[in-house]
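Accompanying notes for the structure given below.
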Amino acid sequence: MSLYCGTACRRKFFWCYRLLSTYVTKTRYLFELKEDDDACKKAQQTGAFYLFHNLAPLLQKSEHQYLAPQYSLLELERLLGKFGQDSQILEDSVLIGCSEQQEAWFALDLGLNSSSSVNASLQKAEMETALQGSFIKLTKALFELNVKDASLLSTAQALLRWHDTHQFCSRSGQPTKKNVSGSKRVCPSNNIIYYPQVAPVVITLVSDGTRCLLVRQSSFPKGMYSALAGFCDIGESLEETVRREIAEEVGLEVDRLHYSASQHWPFPNSTLMIACHATVKPGQTELQVNLRELEAAAWFSRDEVATVLRRNNPSNQQQSGAVPFWLPPKLAIAHQLIKEWVEKPTCSPLPA
Ligand SMILES: NC(=O)C1=CN([C@@H]2O[C@H](COP(=O)(O)OP(=O)(O)OC[C@H]3O[C@@H](n4cnc5c(N)ncnc54)[C@H](OP(=O)(O)O)[C@@H]3O)[C@@H](O)[C@H]2O)C=CC1
Ligand SMILES: [Mg+2]
């Protein structure tokens with residue numbers, strides 16, 4: 001283990017060791033596995049694998065939530081043998097993290113390569129029986145997973161999808177080759193390196209000082225409103241994306257904005273959600289909704305939003321009939337942004 005500590009002082013050495021023994025050590029171990037194919041292969045021997053089938057994670061139901069089971073390399077090899085599968089498929093696995101004890105975690109999709117054949121669906125059912133779980137779409141399962149598994153499986157799905165859709169070099173048309181960890185693919189004919197991509201999206205909670213602006217797209221679940229979101233265009237800064245999206249979608253201009261937080265979001269593909277608060281220019285509150293982008297947009301008071309946050313479950317609301325709309329679930333950054341606005345009305349803004 002490298003400690004990156006050049007001091008001869010023993011006390012200082014141990015202080016450094018303690019400092020590097022958790023987060024930094026773990027980060028550097030993962031860095032090594034991404035860079036060094038042999039180290040990564042070795043890590044697979046003692047690592048744990050999460051399984052997917054056509055990008056749906058294998059989950060087991062436990063009371064009110066789903067759990068993501070892990071398998072050792074040996075267990076996986078036995079399973080593959082049982083189903084007559086070549087263990088070469090293990091080469092498709094991708095590194096998704098590690099424990100504090102440096103047990104490396106990998107994800108493997110057992111369905112992608114043969115998804116078009118009839119056998120694949122038969123095998124899926126048989127595998128589910130053998131593994132005592134079900135391959136469940138992430139859109140359905142994400143909100144019933146604990147935070148750690150939700151984050152891990154989102155990362156895993158994004159990485160597996162990226163590899164599945166980047167098998168060929170866009171310049172030579174030749175098959176690209178993945179490194180062992182899956183942190184990149186290389187075209188053997190011209191050495192072009194492809195890295196997994198993420199699309200930046202800005203999500204903004206616009207306020208007029210006392211109310212906030214919530215919007216809905218026709219694709220949202222019925223009754224759900226959220227903050228205004230949009231993909232960054234090439235050449236834009238985040239600030240420019242915020243201003244353009246707000247102008248495009250609701251016809252307003254903002255003059256103050258500040259960053260709140262960010263989140264990886266797996267739907268529909270891999271995006272990095274960058275969450276901001278913004279305040280409209282004085283006197284600009286009349287909405288001109290772009291119906292090609294949005295189904296509806298409206299201003300909501302702090303009290304209205306606080307009430308919905310307290311009972312944010314669409315089925316509860318249907319029963320009581322008291323609240324006409326609901327907000328994204330806790331895991332979504334939109335929820336955190338809205339909650340922050342309700343709880344901290346006087347976040348100090350940065351000059352735009
Ligand atoms: N985690 C959270 O709390 C929330 C997350 N989101 C996410 O934010 C994302 C963006 O929000 P949305 O309002 O739809 O964005 P936009 O307002 O930018 O509109 C989406 C449209 O932009 C086009 N587009 C441009 N660049 C891309 C790209 N790189 N990938 C896909 N589409 C692109 C597509 O048009 P076309 O298909 O016509 O070509 C798409 O229909 C969504 O993926 C959504 O899941 C949204 C709200 C809350
Ligand atoms: Mg949008």
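Need the failing condition index for Leu214 against (1) more than 30 Å from Trp162 (Cβ to Cβ); (2) more than 12 Å from ligand 1 (Cβ to nearest atom); (3) modelled with pLDDT of 95 or more, just the number.
Unmet condition: (2).
Enumerate the pairs (first residue in the range 155-182 and in contact (Cβ under 8 Å) with a residue 40 or more places away in the chain; second residue anywhere and among the acidic types (Asp, Glu)) with beta-carbon separation below 7 Å, excluding pairs fewer than 6 apart on the same chain, so at least 6 apart or on different chains.
Once the first residue is in contact (Cβ under 8 Å) with a residue 40 or more places away in the chain and sits in the range 155-182, its partners that are among the acidic types (Asp, Glu) give Leu160/Asp109; Asn179/Asp37; Val180/Asp37.
Name the single residue that is farthest from the chain's Cα centre (by Cα) among those in the range 217-241 being among the aromatic types (Phe, Trp, Tyr) and more than 8 Å from ligand 1 (Cβ to nearest atom). Please lay out each step first, then the result.
Of the range 217-241, the ones among the aromatic types (Phe, Trp, Tyr) are 220, 225, 231.
Subset that is more than 8 Å from ligand 1 (Cβ to nearest atom): 220, 225.
Numbers: Phe220: 18, Tyr225: 20 Å.
Result: Tyr225.
In the range 71-85, how many residues are without any contact (Cβ under 8 Å) to a residue 24 or more places away in the chain and small (Gly, Ala, Ser)?
2
Have a look at Ala199, Ala247 and point out the one that is within 17 Å of Thr279 (Cβ to Cβ), surrounded by fewer than 16 Cβ atoms within 10 Å (Cβ to Cβ) and within 14 Å of ligand 1 (Cβ to nearest atom).
Details: Ala199 fails: within 17 Å of Thr279 (Cβ to Cβ).
Just a single option satisfies the conditions, and that option is Ala247.
Hey, could you check the range 333-351 for residues that are at pLDDT 95 or above and of a type in the set (A, V, I, L, M, F, W, C) and say which is farthest from ligand 2 (Cβ to nearest atom)?
Filtering first and then ranking leaves Val342.
Name, by its number, the condition in (1) crowded, with 16+ Cβ neighbours inside 10 Å; (2) more than 16 Å from ligand 2 (Cβ to nearest atom); (3) in a strand (DSSP E or B) that does not hold for Cys276.
Going through (1) crowded, with 16+ Cβ neighbours inside 10 Å; (2) more than 16 Å from ligand 2 (Cβ to nearest atom); (3) in a strand (DSSP E or B) one by one, Cys276 breaks only (2).
Out of the range 253-273, which residues are more than 16 Å from ligand 2 (Cβ to nearest atom), modelled with pLDDT under 95 and in contact with a strand residue (DSSP E or B) (Cβ under 9 Å, 6 or more places away or on another chain)?
Within the range 253-273, Asp255, Arg256, Leu257, His258, Ser270 qualify.
The values are calculated or read from the model by the stated rules, or taken from the named source; none is laboratory data. What you see is a predicted model, and the numbers here were worked out from it, not measured in a lab. Please note: Cβ atoms are built from the backbone with ideal geometry, for glycine as well, and neighbour counts cover all protein chains shown.
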